[in-house]
Amino acid sequence: MSAISTKPNVPKKHSKLQETWRRFSKNGRAVVGLCIVIMLVLCAVLAPIISPYEPNAQDPRNRLQGPSADHWFGTDELGRDILSRIIYGARISMSVGLIAICISLIGGVTLGAIAGYYGGTIDNIIMRCMDVLLSIPTILLNISIVAALGSGLQNVMIAIGVSSIPGYCRIVRASILSLRDQDFVEASRAAGANDFFLITRHILPNCLAPLIVQATLKIGAAILSCASMSFLGLGIVPPTAEWGSMLSTGRDFLRDAPHVCIFPGLAIMAAVFSMNLVGDGLRDALDPKLKD
């Protein structure tokens with residue numbers, strides 16, 4: 001007779017990343033948002049391959065043509081293919097979103113960590129500066145920075161990144177204030193760890209969940225801010241294909257050729273909406289109170 005196993009059935013443990021993905025994938029709306037984001041990223045990366053026309057190729061004889069077999073999204077006031085320009089515009093919007101968020105993350109995390117860990121006068125100075133930035137409407141702050149630095153993609157990224165710093169600074173500061181006196185931090189400090197080691201190895205890793213959620217949501221806001229500034233003429237300089245500038249130039253033809261504005265507007269809406277869905281899904285997946 002074969003021996004009967006007496007080992008208990010121990011459930012297999014999953015890593016933190018696997019558990020997060022399992023919970024994220026159960027959220028249908030978040031998965032839909034992720035699929036849209038992946039599609040936009042692929043459009044940005046593969047634009048020269050999948051674009052049917054050159055984004056700036058003009059054909060005045062076919063200007064303001066509606067959607068057709070040759071031009072799925074129609075043509076604009078200069079006869080340029082709108083679909084091609086939207087595909088190339090994804091490069092601008094996604095790069096602005098990612099780079100602007102990187103700028104704000106670096107600035108916000110650094111300032112928030114210093115303010116929360118050291119406290120006192122340093123904390124007061126940093127947080128009062130953040131309060132000043134928060135007191136200015138985001139669009140006005142962006143316009144002021146771009147007006148001072150000049151129009152262009154690089155300056156738009158800087159403006160959007162700087163205006164988003166206070167949000168990350170507040171999140172990191174609040175997290176550090178609740179963690180800096182915990183037992184595991186005190187034990188590492190007693191073992192001789194310096195402040196930089198304590199912040200980067202023990203405290204900041206415990207702030208990642210809210211930072212990831214905030215960054216995901218802010219990418220959508222950055223894309224919308226870039227489109228808004230380009231719409232006002234302070235963003236990307238024409239003839240570069242960018243969704244906001246396409247809306248700005250197409251509004252003069254809204255009555256006779258509404259497709260010139262509709263499709264860039266839908267692209268902006270899809271990008272912002274999908275990033276918000278992904279951010280909401282990550283928030284639910286990383287929230288320890290919602291474990292099932």
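Checking Arg189 against (1) basic (Lys, Arg); (2) within 15 Å of the chain's Cα centre (by Cα); (3) over 20 Å from Met94 (Cβ atoms): exactly one of these is not met. Which one?
The single condition Arg189 does not satisfy is (2).
How many residues are touching a helix residue (DSSP H, G or I) at 6+ places or on another chain (Cβ under 8 Å), surrounded by fewer than 20 Cβ atoms within 10 Å (Cβ to Cβ) and either of a type in the set (D, E, K, R) or under 25 Å from Gln154 (Cα atoms) (or both) if we restrict to the range 250-260?
1
Looking at Asp59, Asp123 in this structure, which one is touching a strand residue (DSSP E or B) at 6+ places or on another chain (Cβ under 9 Å), over 19 Å from Cys226 (Cβ atoms) and surrounded by fewer than 19 Cβ atoms within 10 Å (Cβ to Cβ)?
On the way: Asp123 fails: touching a strand residue (DSSP E or B) at 6+ places or on another chain (Cβ under 9 Å).
Selected residue: Asp59, the only one of Asp59, Asp123 that is touching a strand residue (DSSP E or B) at 6+ places or on another chain (Cβ under 9 Å), over 19 Å from Cys226 (Cβ atoms) and surrounded by fewer than 19 Cβ atoms within 10 Å (Cβ to Cβ).
Any chance you could count how many residues in the range 91-117 are touching a Lys or Arg at 6+ places or on another chain (Cβ under 7 Å) and either without any contact (Cβ under 8 Å) to a residue 40 or more places away in the chain or not small (Gly, Ala, Ser) (or both)?
Residues flagged as touching a Lys or Arg at 6+ places or on another chain (Cβ under 7 Å) and either without any contact (Cβ under 8 Å) to a residue 40 or more places away in the chain or not small (Gly, Ala, Ser) (or both) within the range 91-117 amount to 2.
In the range 61-88, what residues are polar (S, T, N, Q) and in a loop (DSSP other than H, G, I, E, B)?
Let us first name the residues in the range 61-88 that are polar (S, T, N, Q), namely 62, 65, 68, 75, 84.
Gln65, Ser68, listed by residue number.
Take the conditions over 15 Å from Ile143 (Cβ atoms) and either of a type in the set (S, T, N, Q) or more than 11 Å from the chain's Cα centre (by Cα) (or both) and apply them to Met246. Does it pass?
Numbers: over 15 Å from Ile143 (Cβ atoms): yes; either of a type in the set (S, T, N, Q) or more than 11 Å from the chain's Cα centre (by Cα) (or both): yes.
Taking the combined requirement at face value, the residue satisfies it.
If only one of Gly116, Gly161 is at pLDDT 85 or above, farther than 15 Å from Ser225 by Cα and surrounded by 16 or more Cβ atoms within 10 Å (Cβ to Cβ), which one is it?
Numbers: Gly161 fails: farther than 15 Å from Ser225 by Cα.
After applying the criteria, what remains is Gly116.
Looking only at the range 233-249, which residues are buried (at least 24 other Cβ atoms within 10 Å of the Cβ) and free of Cβ contacts under 8 Å to residues at least 24 places away in the same chain?
The one that is buried (at least 24 other Cβ atoms within 10 Å of the Cβ) and free of Cβ contacts under 8 Å to residues at least 24 places away in the same chain: Ser245.
What helices (runs of 4 or more DSSP H), lying completely within the range 131-231, carry at least 3 residues that are within 27 Å of Glu242 (Cα to Cα)? Steps first, answer last, please.
Details: elements: 138-149, 153-179, 183-190, 208-231.
Where helices (runs of 4 or more DSSP H) fall fully within the range 131-231 and carry at least 3 residues being within 27 Å of Glu242 (Cα to Cα), they are 138-149, 153-179, 208-231.
Kindly establish whether Arg85 is modelled with pLDDT of 90 or more, among the charged types (D, E, K, R) and more than 23 Å from Cys207 (Cβ to Cβ). If you could, list the steps in order and put the result at the bottom.
On the way: modelled with pLDDT of 90 or more: yes; among the charged types (D, E, K, R): yes; more than 23 Å from Cys207 (Cβ to Cβ): yes.
Yes.
Could you give every pair whose Cβ atoms fall below 7 Å, whose first residue belongs to the range 267-292 and is modelled with pLDDT of 75 or more, and whose second residue is crowded, with 18+ Cβ neighbours inside 10 Å and part of a loop (DSSP other than H, G, I, E, B), counting only separations of at least 6 or pairs across chains?
Within 7 Å, the pairs are Gly281/Asn27; Asp284/Asn27.
Return the total of residues in the range 21-34 being surrounded by 13 or more Cβ atoms within 10 Å (Cβ to Cβ) and either closer than 21 Å to Leu98 by Cα or not charged (D, E, K, R) (or both).
9
Mind checking which pairs have a first residue in the range 73-88 that is without any contact (Cβ under 8 Å) to a residue 40 or more places away in the chain and a second that is in a helix (DSSP H, G or I), Cβ under 6 Å, 6 or more apart or different chains?
Pairs that qualify, where the first residue is without any contact (Cβ under 8 Å) to a residue 40 or more places away in the chain and the partner is in a helix (DSSP H, G or I), are Thr75/Asn62; Gly79/Pro60; Gly79/Asn62.
The values are calculated or read from the model by the stated rules, or taken from the named source; none is laboratory data. Note that the coordinates shown come from a computational prediction; the quantities given were computed from them, not determined experimentally. Virtual Cβ from ideal backbone geometry, glycine too; neighbours counted across all protein chains shown.
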